[in-house]
Amino acid sequence: MRKLKALLWLHALRTKRYFLSTASGSLTDALWMSIFLFGAYSSQGPEFARETYWALVAWAVIANAGWMIGGWVDYLTELGLLEPLEFSGVSPVAAASGRSLVIAVPVSISSLLVLTLSYSMGIDALNVKSPGVALASLLLLWAQGTAYGAILAATVLRTSIPAALLDIAALTYLGLLLAPLPPINHHVLALVPLLGPGYITRLAVAKGAGWTLLAPTTLSTLLLAAAALLYSRKTLEHVRGRGFKAVVFQ
């Protein structure tokens, strides 16, 4: 418990000290989100733009999970803190995964900025058919994003490749999420890791979704978390044998 409190304090302190950097990244996310929102509004109208807004919020969660958790290992490597963390009994992957709570800061800032833009364009983004289901699906997406970030961080340790070159989810996620929903059972879609919660959010916003859709997503979240935990442990066993040799490109 003391180690957990120390990690949370570390990340909270860094977020406070580097708030301007976080705000800058949030503004960059908001600019990208605004481009897609404007394109959706221009081509499909306000209804599709409302769906697009929430898809963009889901993308922001995954994108920030990739660079804030996976990229944290790069930061620890640059500072030469991997070995001290290991000697103190703290896994570098666990230290990086503690950044999960910080994800809420940039996602909230960028989402609020784009929400303001959406209302100026006449898009009622908060008109959600099933708000409770939409919120629950985003929370599950945050949990899955944390597991994805942990897998990314462990892969950085194992392969010595910077997280920015390994993070493919942020590049493909939004395109897949905005594609027309396949004509298959929604419960099957909900099982897909990372995409499942995003699909549920779209359904909850546009047509309404039942709480039963959260059951398969919860299952996939638990499986993804278990896979991340197992992979992280195996990776740490591997790197302890050869030493930490992660490389950060300047």
- Query: In the full protein assembly as shown, how much of Trp54 is accessible to a 1.4 Å probe, in Å² to the nearest 10?
  - Reply: 40 Å²
- Message: With every protein chain left in place and a probe of 1.4 Å, what is the accessible surface of Arg158, to the nearest 10 Å²?
- Response: 80 Å²
- What residues of segment 156-192 lie in the reach of a label at Gln44, counting those whose backbone N is under 16 Å from a point 7 Å from the Cα along Cα→Cβ? 173-183
- Task: Taking 7 Å along the Cα-to-C-beta vector as the label spot, tell me the Ala164-Leu191 distance in nanometres, rounded to one decimal.
- Result: 3.8 nm
- Note on the structure: Expressed in nanometres to one decimal, the distance between label points 7 Å along Cα→Cβ at Thr116 and Ala104 is 2.2 nm
- Could you rank Val73, Val128 by how accessible they are, 1.4 Å probe, largest area first? Val128, Val73
- Item | Solvent-accessible heavy-atom area per residue, rounded to whole Å², over segment 33-189 at 1.4 Å | 41 Å²
- Query: So between Glu78 and Trp32, what do we pick up on full extension, going 0.36 nm a residue minus the alpha carbon distance?
  - Reply: 13.7 nm
- What is segment 87-146 by shape, rounded, prolate or oblate, if you read a ≥ b ≥ c off the alpha carbon gyration tensor as root eigenvalues and call it rounded for a/c under 1.5, prolate for a/b larger than b/c, and oblate otherwise? oblate
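The values are calculated or read from the model by the stated rules, or taken from the named source; none is laboratory data. Just so it is clear, the model here is predicted, and its values are computed rather than measured. So basically every Cβ, Gly included, is an ideal-geometry build from the backbone, and we count neighbours across all protein chains shown. With ligands, DNA and RNA removed, areas are computed over all heavy atoms of the protein, side chains included. Shrake-Rupley method; radii C 1.70, N 1.55, O 1.52, S 1.80 Å.
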